[in-house]
Amino acid sequence: MSTEYVLTLSCPDRPGIVAAVSGHLAAQGANIVEAQQFGDTETGRFFMRLVFAVDAAAEALRGAFAPVADTFGMQWQLRERHARRRVLLMVSKFDHCLADVLYRWRIGELPMEVVGIVANHPRETYRHLDFGDIPFHYLPMEKDAKAAQEARVWAAIEQSAAELVVLARYMQVLSDELAGKLAGRCINIHHSFLPGFKGARPYHQAHRRGVKLIGATAHFVTADLDEGPIIEQDIERVTHHDTPEDMIRIGRDIERRVLARTLRHYLDDRVLLNGSKTVVFAS
């Protein structure tokens, strides 16, 4: 019985990449069911995402493809398409993104395994949410104890074997060390278009400036605060009639849907890093 796999890759662009990859898969008896590619003329890099079906084990496929990847200097990944990634969620006081992600996960919209929730507020803060059997880690941020708190966060990530960490409105800035450990596998949802309105009370800042558009940005976490490669964004128009509270309400809706789209893209291997940017192969 055939299994569907996803192959994603990037490498310096040159003639023959598509032919080599598709020819190799054909020789393995694979049937390509979806293919997307992009050549970045600015960076000179080539990106590709292939979905194929074949009656073969993943390890055998990886071993067979390695010489092709070496020939073209590829960064690549091959995984079973329907294998669920292990995801750990981090949250602070505002839990609208957490609630939405859990709902979408429970109804099957987000094919993943939630392996833990890390919060810097006690469980009672989220008493209206049903965490079921999901491990909950209350790790408060105490004054002058950031390193110790992050050590406990990292221990929770390692113990859960999380493959992806989602900052679902986790309002603590990660240290350079922790951000480095999570490079390429930590996603943050941020109010407003970056880099505007950083810091406290962003919607009040936006209201004072009389903005006409508010939005949300999902991006990979890096050591540079809120400057990581952007994955997804969205906006809504506001007017002079809207109060800061109106903007907060509208912003919550934008943040929820931007994070949900981002997770759907990531979980289906549609997001590839391209330096300070991303290539997102839309479905």
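The values are calculated or read from the model by the stated rules, or taken from the named source; none is laboratory data. None of these values were measured; they are calculated from a predicted model. Cβ atoms come from the backbone with ideal geometry, glycine included; neighbour counts cover every protein chain shown.
When you check Ile117 against the structure, is it at pLDDT 95 or above and over 24 Å from Leu174 (Cα atoms), yes or no?
On the way: at pLDDT 95 or above: yes; over 24 Å from Leu174 (Cα atoms): no.
So Ile117 fails the test.
Enumerate the strands (runs of 3 or more DSSP E) found wholly within segment 143-233, keeping only those where 2 or more residues are at pLDDT below 95.
Working: elements: 164-167, 186-191, 213-220.
Correct list: 186-191, 213-220.
Name the one entry in Arg185, Arg208 that is assigned by TED's automatic domain parsing to the domain that holds Asp95, loosely packed, with under 15 Cβ neighbours inside 10 Å and among the basic types (Lys, Arg).
On the way: Arg185 fails: loosely packed, with under 15 Cβ neighbours inside 10 Å.
Of the residues listed, the single one that is assigned by TED's automatic domain parsing to the domain that holds Asp95, loosely packed, with under 15 Cβ neighbours inside 10 Å and among the basic types (Lys, Arg) is Arg208.
Specify which of the listed residues (Ala60, Ala53, Ala69) is in a helix (DSSP H, G or I), surrounded by 15 or more Cβ atoms within 10 Å (Cβ to Cβ) and among the small types (Gly, Ala, Ser).
Working: Ala60 fails: surrounded by 15 or more Cβ atoms within 10 Å (Cβ to Cβ); Ala53 fails: in a helix (DSSP H, G or I).
Unique residue meeting the criteria: Ala69.
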